[in-house]
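Worksheet for the structure shown next.
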Amino acid sequence: MRKLITRGMLTRKLRTALTAIAIMLGVAMISGTFVLTDQINGAFDKIFASSFRDIDAVVTPQKAYESEDETFNPTLRLDQSLIERVSAVEGVALAEGAFDGSAGIVKDGEYLGSTGGAPSFLTAITSNAENTAQITSGGFPEESGQIAVDKKTADDNDIAVGRRVQVATTKGLADVTVAGVFDSEIDIGGASIILATLPDVQTWSDGEGKVSYIQAKADEGVSQAELKSRIAAELGDGVVVETAQESATRQAADINDSIGGFLTPALLAFAAVAVFVGAFIIFNTFTITVAQRIREFAMVRTLGAARGQVLRAVIGEALIVSVAASVLGIAAGYLVAAGIGALFKAVGFGLPTADASLAARTVIIALVVGVGVTLVASLAPALKATRIAPIAALREGATLPPGRLSRFTPWFALVIAVLGALLIYNGLAGSGSLSNRMLGLGVGALLEFVAAGMTAKYVVPGIARVVGWPIERVSRRTGRLARENSTRNPSRTAVTAAALMIGVGLVVFVSVFASGIKASFFDALDRSVQGDFIIEANGGQSIPGAGAIEAVRSAEGVGVASPLRFADARVSIDGGEPGTEYFTAVEPDTYAQVFRTDWQQGGSDELLARLGEGGAIVEQDWADGKGLVEGDRFTLNGVSGRSAEFEVLGFYKDEQLNTTFVIADEGWQRISDSRDIGLMLVDAASGADLTQVEASVKEAMKQFPIATVKSNEKYKEDLSGQLDQIVYLLYALLAMSVIISLFGMVNTLVLSMFERTREIGMMRAIGLTRWQLRRMVGVESIITAVIGGVLGLAIGLIFGFVFTKALEDEGLAFAVPYGTLFAVLIVALIAGLLASIFPARRAARLRPLEALHYE
Amino acid sequence: MSISETQIPSAPAAADSGTVVAAQDVTRRYGEGDAAVDALRGVTIDFPRGQFTAVMGPSGSGKSTLMHILAGLDVPTTGSVEIDGVEITRMKDKQLTLMRREKIGFVFQSFNLLPMLSAEENIDLPLTIAGRNPEGTWKESLLKAVGLDTRRKHKPSELSGGQQQRVAIARALASRPTVIFADEPTGNLDSRTSGEILDLLRRSVDEFGQTIVMVTHDARAAGVADRVLFLQDGLVVRDERGLTTGAIHDIMGTLE
Ligand SMILES: Nc1ncnc2c1ncn2[C@@H]1O[C@H](COP(=O)(O)OP(=O)(O)O)[C@@H](O)[C@H]1O
Ligand SMILES: [Mg+2]
């Protein structure tokens, strides 16, 4: 029996290889996800470990709570005077302040801030700077007005030691000289790093007399733990003292949790889709080959083989293929990791990576999934093989008996579809933890794909007729034959097309979702924003405070400039469990002039004027959820630990900014000292020429290159561009699934050609040219692919419709991205053509005579 | 750029008077060196228009090889083959394909119909491939002649073996080829059905003037032919006309 397995595989080398590729690519996605996230984790571990090398204890400010988004929240800092007190502690050899801020370089008037979301770090030089930075030319900055720049930024922008540049800081532009260029031990992704002396960094960051943290070295013979407890005893409350080891581990874990907690499951979801598509192909391939081996199986049954042996022969083959393919897939994971890493970098989400390594966990999961999925997918065909009666050996053209349960297939599909719908419903509107609901949502969607795949065979002939119609107009002779070929085995075509349907369906869904977001967000923006310009900081940073507002207001032609501050804070209502909420702090009088609030319950702009120190207007849905009514009070706890009470004055509806309440600037100042701004809305004075005003505002903001002045149109355009980048990233991740389904199409075609060898010989004998044959195979493949594309379009649109309807409350609208839909069909068409190249060439190369006598 | 527009040079008018297929000193060697097999060792033969020729001989004598070479499906090692006065042995694949399309019909032992097409569509296949429109009246008389006008919409799987072979014969006749080659057309059929098929071939010759070359090892089948060629060890050893089934049987007995 073992011989039967291996012989079977060897004689069908090509088919075995194509099946293996389908498994391999899916497994590679899994393995690649783990390899990449391990690399990222490793990088952060290394970054923190090396930055605290030679350090024994670290003092950081005490945070009231862990903010979820620190971009707009005030950064907590320590008073510089604490350094003296730490130095004085018995056993401290050295204590020094460290300062982390952000700043970009301006070269010849051009801002070189890092692209996209990657940060631009500004770090004060400390005694152990060489731990993380190796000078490649020049030296570390030693005096005020000097900086060192990371090698990548320097090389990319042609900056050499001695060059005069400017740094764009919170306080504006500062002239500096590049004293050195350094290489970072780790790949820092898309980030840029500037090193400068502590006083400079303090000044530029609006943090005179402050430090981010204090690091201390111990005297000989004093342990880290001992040093920690001595410093803690000296400083008391209000600060956190950790050993360097603890601090490095905690900070790395914090970052890795926030990145890994999102990135790993997200990438695994795409890997799951790829594996799922692979499963369709494995199922199809094994079904076809079992059908082709009927006589062989029947023969061994007449020779006395038991059903179990036949089952083992098929499953055994699946096992061998899947183990080999999974091992290759695990190795190919390195390439996938590099690919996804490069992809992230390309769209500006570059993350630092350490050397790639293979964890035992990666190998185990990849093997289990690769082998498990293959075995499950090949089980049904294997069981079918066992039901071949020995008598089939004697019959020419025996076909597989229809499954005992096959007449129930539509009912099974219905049950699966309903189950999937329930899971999706629960995911969208049900209860349970978010991650469980998301998982349910994903599984529900996959079930819908399975149901669609199971029933697709019923619509295959119909769609083929529609798709084939134009082709038959163009290519009458081969078109008709191709269509007949594509529908002669509808379930085979259906499953092949279904594999493509999955990738296409998800692409369409993403596209529908994105266009829904765009349509609704832009619509709301048009309705609410009354100004002419929007000023925002680059790369998710914040606009430097007071100076920028003054600069804009004094620019010629500016009527109103209104700063919006966004932050999160802990909110507790009636002493209940506090939750983190996003909110906006506004300047009421200017805000009312540039922003039209969607008032509820009879509110009006007059409420804004009454906000004062302790008033808040709250978002209607949030208020409903929390049971807040007019006159209720809630407490706000800022990161700094300061808290203040606010009274509900009125209600508004906000479908886009997703903030839960609005307070006035006076209220904001009760919990925070930060003057940084999230967005500035600017309205030109009436009668002013908009182009001139734009120019003058831009001129005024030149000293704050971290911010960009945009017309409302440009703002929307840029936002839409950013959204598109994310969408393209998702497309790229879905591409793997589409590629896998392409291999499935190749495989099905090769196997079908194999079956039809004699037919091909006959047609060639009676006058079918090679070219006509190739065209026929090409059209057949295109029809299959377009069926997959059409099914994918349908299911993607349905998903998109359901999801946007479910999120209608959030203001999401359903919008059909016609352009994308058209492009998807064209891509399916091209995919079909590509998939046919190899099988068609093989078929055309057959010699008619040999093909005719093929057994 | 339509393929069907590329015409094969038409036959000299003189061909009408006689030969449509001619083989000159044809040899065919399979393999090389010690393992080489000479399937044909010098065959020179003519086939006149409108004649029904049976090719007989013991198994392995070279019947199929000869037929394949005459039909442009295989190339002789030496020698030449002319169809309608045109030399085909040096043609490229495309030219050969077009030549077969225009001039040659095939009937195979295992019918070789396309399962997804109806009887009628199978009959139209050579014309479809050539991009020609089926001539209505010719197809109708064909369907009638093969007795399938009531089953034209049936798929091959819904037809008996004899009916399938009749469809195959109609398919071969549909493009009015210069010559039809049939390789053991009754090999898969019972004797009664075989009789019907042979009768049909005979009538194609008599009624439509079709030239047929049929390979068979069944003396009864060869009996309906005008002429019987006997092959032995790659050579034509006898070329007889007007033989009875019994005589054919006797000759075969001497060859085996
Ligand atoms: N493709 C081939 N390769 C090698 N030898 C072949 C091949 N085809 C036929 N032969 C040999 O050539 C000889 C003639 O074969 P064939 O023409 O098929 O005889 P027949 O049809 O009369 O039985 C036989 O010895 C056969 O083994
Ligand atoms: Mg033979």
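Residues of the range B:187-218 that are among the polar types (S, T, N, Q) and in contact (Cβ under 8 Å) with a residue 60 or more places away in the chain: B:188, B:210, B:211, B:216. Against the test of being away from ligand 1 (no atom under 14 Å from the Cβ), modelled with pLDDT of 90 or more and of a type in the set (S, T, N, Q), the options B:27, B:77, B:19 yield a single qualifying residue, B:19.
Scanning the range B:110-132 for residues that are at positive phi and at the interface with chain A (Cβ under 8 Å from one of its Cβ atoms) turns up B:112, B:131. Mind telling me which of the residues A:815, A:831, A:851 ends up being within 30 Å of residue B:112 (Cβ to Cβ) and among the small types (Gly, Ala, Ser)? The unique qualifying residue is A:851.
Consider residue B:209 carefully, then state whether it is in contact with a helix residue (DSSP H, G or I) (Cβ under 9 Å, 6 or more places away or on another chain), more than 14 Å from every other protein chain (Cβ to nearest Cβ) and not hydrophobic (A, V, I, L, M, F, W, C). Considered against the rule, which asks whether it is in contact with a helix residue (DSSP H, G or I) (Cβ under 9 Å, 6 or more places away or on another chain), more than 14 Å from every other protein chain (Cβ to nearest Cβ) and not hydrophobic (A, V, I, L, M, F, W, C), residue B:209 comes out as no. Among the numbered conditions (1) in contact (Cβ under 8 Å) with a residue 24 or more places away in the chain; (2) more than 12 Å from ligand 1 (Cβ to nearest atom); (3) not in a loop (DSSP other than H, G, I, E, B), the only one that residue B:97 does not meet is (1).
Close contacts from the range A:748-770, counting a first residue that is touching a residue at least 60 places away in the same chain (Cβ under 8 Å) and within 7 Å of another protein chain (Cβ to nearest Cβ) and a second that is in a helix (DSSP H, G or I) and of a type in the set (Asp, Glu), with Cβ to Cβ under 7 Å and a gap of 6+ residues or different chains, come to A:770/B:93. Within the range B:80-94, restricting attention to residues that are more than 16 Å from ligand 1 (Cβ to nearest atom) and assigned to a strand (DSSP E or B), the residue that is nearest to the other protein chains (Cβ to nearest Cβ) is B:83.
Only one entry in B:107, B:43, B:26 is within 16 Å of ligand 2 (Cβ to nearest atom) and away from chain A (no Cβ under 14 Å), namely B:43.
Criterion applied to A:527, A:553, A:565, A:570 was being surrounded by fewer than 20 Cβ atoms within 10 Å (Cβ to Cβ), among the charged types (D, E, K, R) and within 30 Å of residue A:637 (Cα to Cα), and the one residue passing it is A:570. Checking residue B:67 against (1) facing another protein chain (nearest Cβ under 9 Å); (2) surrounded by fewer than 23 Cβ atoms within 10 Å (Cβ to Cβ), only one condition comes out false. Which one? Going through (1) facing another protein chain (nearest Cβ under 9 Å); (2) surrounded by fewer than 23 Cβ atoms within 10 Å (Cβ to Cβ) one by one, residue B:67 breaks only (1).
Between B:33, B:60, the distinction of being modelled with pLDDT under 95, within 14 Å of ligand 1 (Cβ to nearest atom), surrounded by 14 or more Cβ atoms within 10 Å (Cβ to Cβ) and farther than 12 Å from residue B:216 by Cα belongs to B:60 only. Scanning the range B:49-63 for residues that are more than 14 Å from the chain's Cα centre (by Cα) and more than 10 Å from ligand 2 (Cβ to nearest atom) yields a single hit, B:58.
Matching residues to (1) at pLDDT 90 or above; (2) over 30 Å from residue A:49 (Cα atoms); (3) aliphatic (A, V, I, L, M); (4) in contact with a Lys or Arg (Cβ under 9 Å, 6 or more places away or on another chain):
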site: A:244; (1), (2), (3), (4): no, no, yes, yes
site: A:262; (1), (2), (3), (4): no, no, no, no
site: A:272; (1), (2), (3), (4): yes, yes, yes, no
site: A:275; (1), (2), (3), (4): yes, yes, yes, no
site: A:284; (1), (2), (3), (4): no, yes, no, yes
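A residue that is in contact with a Gly (Cβ under 9 Å, 6 or more places away or on another chain), touching a residue at least 24 places away in the same chain (Cβ under 8 Å), more than 14 Å from chain B (Cβ to nearest Cβ) and surrounded by fewer than 24 Cβ atoms within 10 Å (Cβ to Cβ) occurs somewhere in the range A:771-778. Scanning the range A:461-492 for residues that are within 12 Å of chain B (Cβ to nearest Cβ) and of a type in the set (S, T, N, Q) yields A:475, A:478, A:485, A:486, A:487, A:489.
One residue is enough: does the range A:783-799 have a residue meeting the conditions within 14 Å of chain B (Cβ to nearest Cβ), buried (at least 17 other Cβ atoms within 10 Å of the Cβ) and out of contact with any Asp or Glu (no Cβ under 8 Å at 6 or more places or on another chain)? Yes, that holds for at least one residue.
None of B:182, B:168, B:247, B:221 is touching a residue at least 40 places away in the same chain (Cβ under 8 Å) and more than 16 Å from ligand 2 (Cβ to nearest atom) except B:168.
Residues that are surrounded by fewer than 17 Cβ atoms within 10 Å (Cβ to Cβ) and at negative phi number at least 2 in the following helices (runs of 4 or more DSSP H) confined to the range B:140-256: B:191-208, B:245-255.
A residue that is modelled with pLDDT of 85 or more and acidic (Asp, Glu) cannot be found anywhere in the range A:185-199.
The values are calculated or read from the model by the stated rules, or taken from the named source; none is laboratory data. All figures in this text were calculated on a predicted structure; none of them were measured in a lab. Reconstructed Cβ throughout: ideal geometry from the backbone, glycine too, with neighbour counts over all protein chains shown.
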